[in-house]
Amino acid sequence: MAQRLKTDWILFLTVLTLVCFGLVMVYSASSFIAELKYHVSTTYFFLRQLGWAAVSFFVLLYCMRRDYRQWNDPKVAFAALGVVMLLLVAVYASDSASHRWLRAGPLSLQPSELAKPALALFLSFFLCRRMGAVNEKHTLGPITVAISVMALSVAVADFGTAVVLVVTTVAVVFVAGIEYRYLVICAVLGVLLGLGFIAMKPYRLARFIEFADKDHKILNKVDPGGRILAYAHQTASTSDPGYQQLQSKIAVGSGGLTGAGLMESKQKLLYLPEAHTDFIYGVIGEETGLLGSVLLLAGFLVVLWRGLRTYLRATDTFGRYLALSVTVCTVVQALINISVVLGLAPNKGIPLPFISYGGSSLLSSLLLMGMLLSVSEHTA
């Protein structure tokens, strides 16, 4: 007798609501700049996002109906890593400017977004195989090498996504029972590598300085000659690294309790850069106010709740770690994005899952949710 599937309708409808809300906000945030800045139809970004939403939703449905236990296979885990690494190599060769996009005519793909579901599959598979031996070198070594190679490859062009990958890995191996001394070592190495990648790009360094030492009091003591500051501000794009966050905080603050109303944002009128992508939460705060912002946060809390519930209810190790990896990856990315918009974290280019404009991000987010729903559906 076939197993009766149990769809988590709360999670499913929450994700569907978030995607639909995201489509509305993408249209609201992009219609003006589409016509004025890019000289295309006001519905240009909305229609592209709608197309990606349709494709991504079918991917979600396909994944949630598949038995997740079929993915507990070395061919799947290592193939996912291999495909992502090949795509990252390809994007370095084809996109010499930003190393982010693979383009084919009107279509484009950001391979770093696909690193998130690949990471979830690999972590779940490997920890399942090495359960009870997490602190042995034969476990820590391969995980460290695999995640380091992927994170470093992604960090060259997309530091925000690399941070999400590393935080997800640390959270999952912590739950798996890794010893604290290894966590301390990972934290130290992570901070050192993070600072190195920040310093590698002048605009990243400028954003970090703006956040951590806005008045340059500490920097002037460390570098009285001003060489670090000169390096950080050597490009025009970093002349005011705090501009985006300042404008986003103005947007959120001016929304009040109930907001100015849909389509009524003033900051999206070329004051707030990336209003329809990384900083869309600022437009949401301005147009829907505190109530809308809190409801959106509640949506991500529901994802966290249902994800942790699935983790606790899963009957096998692979399912538990898959649910945990997917949940942590999605929620951490959302928290980082919102923290950046509110000025609680240094500025990083990272989209808000389900909401921001971007086909690759939406595809990755719904693929992750399809995997989570699969664990929920096929748990006896």
I'd like the full set of residues that are within 15 Å of the chain's Cα centre (by Cα), at pLDDT 80 or above and of a type outside the set (S, T, Y), limited to the range 147-190. F159, G160, A162, V163, V164, L165, V166, V167
Of the criteria (1) part of a helix (DSSP H, G or I); (2) crowded, with 18+ Cβ neighbours inside 10 Å; (3) of a type outside the set (S, T, Y); (4) touching a residue at least 12 places away in the same chain (Cβ under 8 Å), which one R100 fails: (1)
Can you run down the residue pairs with Cβ atoms below 7 Å, 6 or more apart or on separate chains, where the first is in the range 193-211 and more than 22 Å from K249 (Cβ to Cβ) and modelled with pLDDT of 80 or more and the partner is among the polar types (S, T, N, Q) and not in a helix (DSSP H, G or I)? P202/Q234; P202/T235
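Every residue in the range 253-280 that is aliphatic (A, V, I, L, M) and either crowded, with 20+ Cβ neighbours inside 10 Å or closer than 18 Å to T42 by Cβ (or both), please. Reasoning before the result, please.
Within the range 253-280, the first condition is being aliphatic (A, V, I, L, M), and the residues that meet it are 257, 260, 262-263, 269-270, 272, 275, 280.
Hits for the range 253-280 are L262, M263, L269, L270, L272, A275, I280.
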Close pairs from the range 246-273: first free of Cβ contacts under 8 Å to residues at least 60 places away in the same chain and over 13 Å from S293 (Cα atoms), partner polar (S, T, N, Q) and part of a loop (DSSP other than H, G, I, E, B), Cβ under 8 Å, at least 6 apart: Q247/Q267; I250/Q267
Within the range 56-76, count every residue that is closer than 19 Å to S112 by Cβ and hydrophobic (A, V, I, L, M, F, W, C). 1
What number of residues within the range 43-83 are in contact (Cβ under 8 Å) with a residue 12 or more places away in the chain and under 30 Å from E287 (Cβ atoms)? 15
Pairs needed: first member in the range 295-317, more than 13 Å from T330 (Cα to Cα); second member anywhere, in a loop (DSSP other than H, G, I, E, B); C-beta distance under 6 Å; at least 6 residues apart or different chains. R313/T379; A314/T379; T315/T379; T315/A380; T317/M131
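With the condition kept exactly as written, say whether any residue in the range 18-29 is outside any helix (DSSP H, G or I) and either loosely packed, with under 13 Cβ neighbours inside 10 Å or among the charged types (D, E, K, R) (or both). Can you show your working first?
Just the residues of the range 18-29 that are outside any helix (DSSP H, G or I), to begin with: none.
Looking through the range 18-29, none of the residues is outside any helix (DSSP H, G or I) and either loosely packed, with under 13 Cβ neighbours inside 10 Å or among the charged types (D, E, K, R) (or both).
Results for (1) polar (S, T, N, Q); (2) closer than 22 Å to L272 by Cα; (3) at pLDDT 95 or above; (4) in contact with a Lys or Arg (Cβ under 6 Å, 6 or more places away or on another chain), shown as yes or no for each residue.
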{"residue": "I33", "(1), (2), (3), (4)": "no, yes, no, no"}
{"residue": "H39", "(1), (2), (3), (4)": "no, yes, no, no"}
{"residue": "T42", "(1), (2), (3), (4)": "yes, yes, no, no"}
{"residue": "Q49", "(1), (2), (3), (4)": "yes, yes, yes, no"}
{"residue": "A53", "(1), (2), (3), (4)": "no, no, yes, no"}
{"residue": "V59", "(1), (2), (3), (4)": "no, no, yes, no"}
{"residue": "M64", "(1), (2), (3), (4)": "no, no, no, no"}
{"residue": "R69", "(1), (2), (3), (4)": "no, no, no, no"}
{"residue": "P74", "(1), (2), (3), (4)": "no, no, no, no"}
Residue list for the range 307-323, restricted to those being closer than 20 Å to L18 by Cβ, of a type outside the set (V, I, T) and crowded, with 23+ Cβ neighbours inside 10 Å: G307, A323
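To keep it simple, each residue is scored yes or no on (1) under 26 Å from I147 (Cα atoms); (2) out of contact with any Lys or Arg (no Cβ under 9 Å at 6 or more places or on another chain); (3) modelled with pLDDT under 95.
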site	(1), (2), (3)
D278	yes, no, yes
L295	no, yes, no
L301	no, yes, no
R306	no, yes, no
T315	no, yes, yes
L322	yes, yes, no
T327	yes, no, no
T330	yes, no, no
Go through (1) touching a residue at least 60 places away in the same chain (Cβ under 8 Å); (2) within 29 Å of A275 (Cβ to Cβ); (3) surrounded by fewer than 15 Cβ atoms within 10 Å (Cβ to Cβ) for P106 and report which single condition fails. (1)
Could you run through the range 346-363 and say how many residues are among the small types (G, A, S) and in a loop (DSSP other than H, G, I, E, B)? 3
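The values are calculated or read from the model by the stated rules, or taken from the named source; none is laboratory data. Model, not experiment: these values are computed from the prediction. So basically every Cβ, Gly included, is an ideal-geometry build from the backbone, and we count neighbours across all protein chains shown.
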